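Data block below; observations after.
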Amino acid sequence: MPKDSGIGASSKRREDVRFLTGAGNYTDDINVAGQAYVYFLRSDIAHGRITGLDTSAAEAMPGVVKVFTGKDFEGVGGMPCGWEVTDKHGAPMQEPAHPILAQGKVRHVGDPIAAVVADSLEQARDAAEAIDLEIEELPAVIDMKAAAQEGAVLVHDDLKNNICYDWQLGETDDAKVNEVFAGAAHVTTLDLVNNRLVANPMEPRVAVGEYKRGTDEYTLYTTSQNPHVIRLLMCAFVLGLPEHKVRVVAPDVGGGFGTKIFHYAEEAFCTFAAKACNRPVKWTSSRSEAFMSDAHGRDHVSTIELALDADNNFIGLRTNTYANLGAYLSTFSSSVPTWLHGTLMAGNYKTPVVQVNVRAMFTNTVPVDAYRGAGRPEATFQLERVVDKAARELGVDPIALRRQNFITQFPYDTPVALTYDTGDYNGTMDKLEAAADLAGFAARRAASEAKGKLRGLGINCYIEACGIAPSNIVGMLGARAGLYDAATVRVNATGSISVMVGAHSHGQGHETAFPQVVADMIGIDESMVEIVHGDTSKIPFGMGTYGSRSLAVCGSAMVKATEKVIDKAKKIAAHLLEASEADIELKDGQFSVAGTDKSVAWGDVTLTAYVPHNFPLEVEPGLEETAFYDPANFTFPSGAYACEVELDPETGQVTIEAFTAADDFGNIVNPMIVDGQVHGGIGQGIGQALLENCAYDENGQLLSASFMDYAMPRADDVPFYGVDHSSQTPCTHNPLGVKGCGEAGAIGSPPAVVNAVLDAMNSGGKAVDHIDMPVSPSRVWAAMNS
Amino acid sequence: MRLGALPPDPRDIYSQMKGGSAPFGKEDEMYSFDFEKPSSIADAVAALGAEDAQALGGGQTLIPTLKQRLAAPSVLVSLSGIAEMRGVCVEDDGALVIGGATPHAIVAAEAAGSYPALAALAGQIGDPAVRNRGTIGGSVANNDPAACYPAGVLGSGATIVTNTRQVAADDFFEGMFATVLEEGEIITSVRFPVPQAASYQKFLQPASRFALVGVYVARFADGVRVAVTGASEDGVFRWTEAEAALNKEFRPDALTGLSINPANMIADLHGSKAYRAHLVSVMTKRAVMASL
Amino acid sequence: MKVSMTVNGRLVEGDVEGRTLLSGFLRDQLSLTGTHVGCDTAQCGACVVHVDGVAVKSCNMLALEADGAEVGTIEGQAHADGSLSVIQQAFQDHHGLQCGFCTPGMVMSAAALLKDNPRPTEAEVRKYLEGNLCRCTGYHNIVKAIMAASGQDVSHIAAE
């Protein structure tokens, strides 16, 4: 029976009411008295040297408050990178400066050169057009492999080349890897591209900086997934401000998907300019601006080789990847192609030898960083595509080949640094086979063929790693931050509870799901618990929301804090009931003495905590506890996905006819929200597979610079999805047994779609090994007519 | 669910101003211009006599263009208030006449009985909200190489009626974004002879949902017309070889072996020249099939 | 220039420029910030409002073009007593929103659809939403919510 409240219940989302009535409070809805507006003059060329920059005419324009250029930021820190990757020779990555406004050179279309602050945005934009700018255009480096060549044009003159790092994970002995491949009965090799994407949350980024002269205090309102991280980075590395004088607020945020993790120049600028102009300064990105200033995602070019023995056991895997980092290192960009990607290359399989090689490149393109899945989709796509190709080459059933090689014993130490704590890949595949009615596929294919269409079935598995931790390990790997989280449970006198959490909710439904946990632990109504998030002045600390970590990490901190609260409340209850603390039980909001009918209600205990007249002397009044939680390990959600497509051989048009996901997320707090997360991830994965393509021309002009050319998935591009999460192996090391579900759909779906398209093409008699994403009609047609 | 947090009447919310309000918002990034909304064609023509004046149809293409600051009109003259330019009617000779300021949604609904293929075309432009604003006059005057209406107008052999003259569709379109319209000339209506059968087949550009290739086939008593949009660097055009073949035999098979030269096709992110040329054939066949 | 219109049943007046968009007028002058702006090419649909009974993209319409019009926004969709409209309630019941940014436009488009087509098929709903982008939900629960709001039984549509 589904529960109707607490952990496991599909409680309706309380935050919906404000969003459905137009009463949300997004950053662009915030206007501060006296605010001025900033317009950024951005480079329209990919690479150039600034030879002249005269702002005097602009400064004289009506309404202009101040015009800023790189000169105003000399001596101010640049945008920091939060992860130092060590290359395979032991050297630190090359880490170029990333200025707030261009210092002498522009390195991508969209690179900010100057900023005009004016009374209105129109005046700022008018004045920006009056800036006299001279740029000497330089050859642009766009292609990653060309960027790696000796003698390539340098994106950063002060670096020795365009290679940020040359990194390796897994087997370091090349001879041993070569030996495995030499001895293989079969080797499948695949070259593939993981297409560059733009996250495109529907809310463009916004920043409002405010400075109070009287108290020397700053407030930054920003569209962020992690306000504390922004405050820390901006204060410690960029502007050199005292953290206690800076408040960062991320109010309602209209989607993030990774691209709102990072600390952006516009945030630091608005904070800085608010003091420099002595006025609040607001920036609202247009969508066009977002395309050239939000960090992009993916953009890997890889070769993957899979070695199998005569019994079709996987015996070796080797990958060589070029990863595009763009022109600068965005906040976590360096970690994505390395620790978030290489560590997942073992997948769900017990391949004994794995070697991952990644070369990361600087190019004259927008910086690339984490986008939903961040490294794990790239790993999954390579692996699940090569396994599928191997099955086709060997003429074996792709599901059987996968099952044969599944890891079945846990915990399992992979050859690429992870220890999977738990999982049941065969059990999850069983769920998929039933839910997707794979037995009925042949009949569905026949029906499609009767209409002149080809039908394909694509299967894949995935494993991902969420709640990246613990801090001491990630610190050894180069992270310049801890990856714990924090929560404060503040019980009010009347028994209602405010929980201040470091995680940020921008669509994930924390305001509903987190209270389910606390209410369940105490046995009170969910409506008595409220979540407070998104404001550094209200919350002790937090690392924010990304990497499907919120419930597993911050939720665990919340559980720990709630346990502390309950422990203290039991002391008070014991005093009131004149019993031993050890005998106090809490159930359904009542403290009772075990084995008796003596009890006291939650609300009486909490009131006593704040009106401590009859109170244990050794206990402090009040009822509020904080906990920090640093996980012992990652969590490892996994799953198996099936996609059915229909392909029109005349036009190459592919339609998704069915999509089924079977996931193992461990325990689940709110099944409705989990389903929604999977739906959204699948939608984005289908977008990557069929539609989305962030493309540059050879001069570094962005070809897909608006929704007119960047194809976002629409309602009629996707079907209803089947979602099954009844395969549940609880996480072994966090108190809730939860694993995280936010990214799974985006990780698991692209290979399922592409495998299905290839199955359809091959069923039509056309032997096609591979097709790159997005699998557009023109590409399908070209592949079928090559 | 009750909305306890809202004022007693949620419709009063705008009386509660937030903070210090800005005079104008980020959406108004266009260059400054004046605005006029005449109620007659004569007044509109007079208003368009001003230097750098520009007519505003539904604005569904013009406003995004203005936001990019790609145009700087001194005054926009809205045609939406001119009653005589709105509406759909069938004349005595059977021709369908659509007022130049008629939104696509009105055409989709009101022409469905008299000229279903054209109504279907109108119902495929943009999306529902765009169709409620975008007008036939604006679309035809703009002559976007991927727009739908130019195919319907040329494929139907329609007549473009302006405030000064009547121009046959064959003489009207002059390549990408170019027409014979003079400065200040307004499309007051478009007059469509109604064919015996017709069909518009649109293959979507996946991002913009304009036509990657759209083919309009119309079969009249005196011959077949085939107009193609989305495909050519010269904008909408008639595929005369297909017309000749279909005049001999109006069946999809009549097109077998016919192909269009890819040389002048558009090549972009969404399709090569060869792909577009191929789609022209496929969409033409499908339009014929749908017209049988 | 002076502009006046009826917004959610109330006559409002304002002073705008020629270039002021309807979305800007609603958001900045009337503080009706439920109408969102998510793109500049008239594609995302977060700004959809009703003008004289039909859905339009308010970021693609000049405020002066709405002079004298009846305008409906998301703030006017709930019942007078504050309870959610049938469509709003269906969105909550079926988890048809996540971050909430596209939601006002989705609700306004859904209301326009159901006015014209009270019992749309799944395909009709999906087609009608061509001009409304959502990045969170994969559209599953939006389509489901709109079909439920039309009084159709959606219990067969996959959930958990």
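The values are calculated or read from the model by the stated rules, or taken from the named source; none is laboratory data. Just so you know, these numbers come straight off a predicted model, no measurement behind them. Using ideal geometry, Cβ is built from the backbone for each residue, glycine included, and neighbour counts are taken over all protein chains shown. The protein model used for the area step is the full one, side chains on, heavy atoms only, and it has no ligands, DNA or RNA in it. Shrake-Rupley method; radii C 1.70, N 1.55, O 1.52, S 1.80 Å.
So here's what we get for this one:
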quantity: The range C:76-120 - Rg over Rh from alpha carbon coordinates, Kirkwood radius; calculated: 0.96
quantity: Per residue, the convex hull volume that the Cα atoms of chain B enclose (Å³); calculated: 184
quantity: Candidate lysines for bridging to C:LYS2, where Cα separation is under 21 Å - those fewer than 8 sequence places away on the same chain excluded; calculated: B:LYS26, B:LYS37
quantity: Loss of accessible area when C meets B, both sides summed, Å² nearest 100, probe 1.4 Å; calculated: 4200
quantity: FRET efficiency for A:THR655 and A:SER5, using Cβ-Cβ distance with R0 set to 25 Å, rounded to 0.05; calculated: 0.05
quantity: Amide hydrogen neighbours beyond the local backbone of A:VAL738, cut-off 5 Å, H modeled; calculated: A:ASN667, A:CYS731
quantity: Principal axis dimensions, largest first and in whole angstrom, of the range A:666-753 by Cα; calculated: 52, 29, 20
quantity: Stretch gain in nm, segment A:ASP525-A:THR189, where the contour uses 0.36 nm per residue and the Cα spacing is subtracted; calculated: 115.3 nm
quantity: Residue-averaged [θ]222 nm for chain C, counting only DSSP H segments that reach four residues, each worth -39500 (n - 2.57); calculated: -7000 deg cm²/dmol
quantity: Solvent-accessible area of A:THR51 with every protein chain in place, 1.4 Å probe, in Å² to the nearest 10; calculated: 80
quantity: P(r) histogram, all alpha-carbon pairs of the range C:2-76 included - 5 Å bins from 0, percent; calculated: 3, 19, 33, 29, 13, 3
quantity: Within chain B, helix-based [θ] at 222 nm, where runs of 4 or more DSSP H residues each add -39,500 (n - 2.57), nearest 500; calculated: -7000 deg cm²/dmol
quantity: Taking the range A:488-538 and dividing mean pair separation by its residue count, relative contact order in percent (alpha carbons under 8 Å, at least six apart); calculated: 40
quantity: Simple label model, 7 Å out from Cα along Cβ direction - A:ALA443 to A:ASN762, nm; calculated: 2.5
quantity: Backbone N within the range B:232-246 under 13 Å of label point (7 Å from B:LEU258 Cα along the Cβ vector); calculated: B:238-246
quantity: Convex hull projection area averaged over all views, the range A:57-100, Cα basis, nm²; calculated: 4.7
quantity: log10 of Debye I(q)/I(0), alpha-carbon scatterers only, for chain A at 0.10 Å⁻¹; calculated: -1.05
quantity: Orientation-averaged projected area, Cα convex hull of the range C:54-98 (nm²); calculated: 4.4
quantity: Size of the B/A contact, given as accessible area buried on both chains, probe 1.4 Å, in Å²; calculated: 3000
quantity: Where the protein assembly as shown is the region considered: accessible area per residue in Å², 1.4 Å probe; calculated: 32
quantity: Solvent exposure, largest accessible area first (probe 1.4 Å, DNA, RNA and ligands not counted), of A:LEU53, A:LEU454, A:LEU617; calculated: A:LEU617, A:LEU53, A:LEU454
quantity: For A:HIS296, residues with placed amide H under 5 Å, excluding near neighbours; calculated: A:VAL368, A:ASP369
quantity: Overall Cα dimensions of the range A:484-629, principal axis frame, Å, largest first; calculated: 47, 26, 23
quantity: Coarse-grained scattering of the range B:50-135 at q = 0.18 Å⁻¹, given as base-10 log I(q)/I(0) from a Debye sum over alpha-carbon atoms; calculated: -0.80
quantity: Full-extension gain in nm, A:GLU137 to A:THR303, via 0.36 nm per residue minus C-alpha separation; calculated: 56.4 nm
quantity: Built amide H within the under 5 Å cut-off of B:PHE35, gap 5+; calculated: B:LEU76
quantity: Separation of alpha-carbon centers, the range A:485-543 and the range A:235-300, rounded to whole Å; calculated: 25
quantity: Protection proxy ranking of A:536-547, C:101-112 - average other beta-carbon atoms within 10 Å, highest first; calculated: C:101-112, A:536-547
quantity: Relative packing of A:390-398, B:194-202, which averages over residues the other C-beta atoms within 10 Å, highest first; calculated: B:194-202, A:390-398
quantity: Per-selection Kirkwood Rh - the range B:157-248 (Cα, Å, 1 d.p.); calculated: 14.4
quantity: Set of aspartates and glutamates near A:LYS275 by C-alpha distance (under 12 Å), chain-local residues within fewer than 8 positions excluded; calculated: A:GLU210, A:ASP216, A:GLU217
quantity: Lysine pairs with alpha-carbon atoms under 26 Å apart, the range A:484-629, spacing 8 or more or separate chains; calculated: 16
quantity: Neighbouring partner chain Cβ atoms per residue of B:31-37, average, 10 Å criterion; calculated: 6
quantity: R0 of 60 Å, Cβ-Cβ distance A:ALA434-A:ILE473: FRET efficiency to nearest 0.05; calculated: 0.95
quantity: Set of aspartates and glutamates near A:LYS431 by C-alpha distance (under 14 Å), chain-local residues within fewer than 8 positions excluded; calculated: A:ASP663, A:ASP664, A:ASP724, C:GLU160
quantity: Protection proxy ranking of A:401-411, A:255-265 - average other beta-carbon atoms within 10 Å, highest first; calculated: A:255-265, A:401-411
quantity: D_trans [Stokes-Einstein, Kirkwood Rh over alpha-carbon pairs] for the range C:86-149, 25 °C, 0.890 mPa s, µm² s⁻¹; calculated: 219
quantity: Value in Å of the Kirkwood radius, where the range B:83-192 supplies the Cα pairs that are averaged; calculated: 13.5
quantity: Long pairs among A:LYS350/A:LYS389; A:LYS66/A:LYS245; B:LYS285/C:LYS144, criterion Cα-Cα beyond 26 Å; calculated: B:LYS285/C:LYS144
quantity: Surface accessible to a 1.4 Å probe, A:ASP604 within the full protein complex, Å²; calculated: 80
quantity: Accessible surface, 1.4 Å probe, highest first, among residues A:LYS71, A:LYS431; calculated: A:LYS71, A:LYS431
quantity: The range A:725-770-the range A:403-468 distance, computed between alpha-carbon centres (Å); calculated: 6
quantity: Solvent-accessible area, 1.4 Å probe, carbon plus sulfur percent, for the range A:484-629; calculated: 48
quantity: Within 10 Å of each Cβ in A:23-32, the average number of Cβ atoms from other chains; calculated: 6
quantity: Nearest-0.05 FRET efficiency for B:GLU182 and B:ALA42, computed from C-beta distance (R0 25 Å); calculated: 0.90
quantity: Enclosed volume per residue, in Å³, of the convex hull spanned by Cα atoms of chain C; calculated: 106
quantity: Descending semi-axes in whole angstrom, ellipsoid equivalent of the range B:197-291, from the Cα gyration tensor; calculated: 22, 13, 11
quantity: Whole-Å distance, taken between Cα centres, linking the range A:309-357 and the range A:621-697; calculated: 20
quantity: Helical contribution to [θ] at 222 nm, DSSP H n ≥ 4, -39,500 (n - 2.57), averaged over chain A, rounded to 500; calculated: -7500 deg cm²/dmol
quantity: Where only alpha carbons of the range A:324-466 are counted, the Rg and the Dmax (Å); calculated: 18.2, 53
quantity: With DNA, RNA and ligands ignored, accessible area of A:THR651 (1.4 Å probe; Å², nearest 10); calculated: 0
quantity: 5 Å-binned pair-distance histogram of the range A:257-383 (Cα, whole percent); calculated: 2, 10, 17, 17, 14, 11, 9, 7, 5, 3, 2, 1, 1, 0, 0
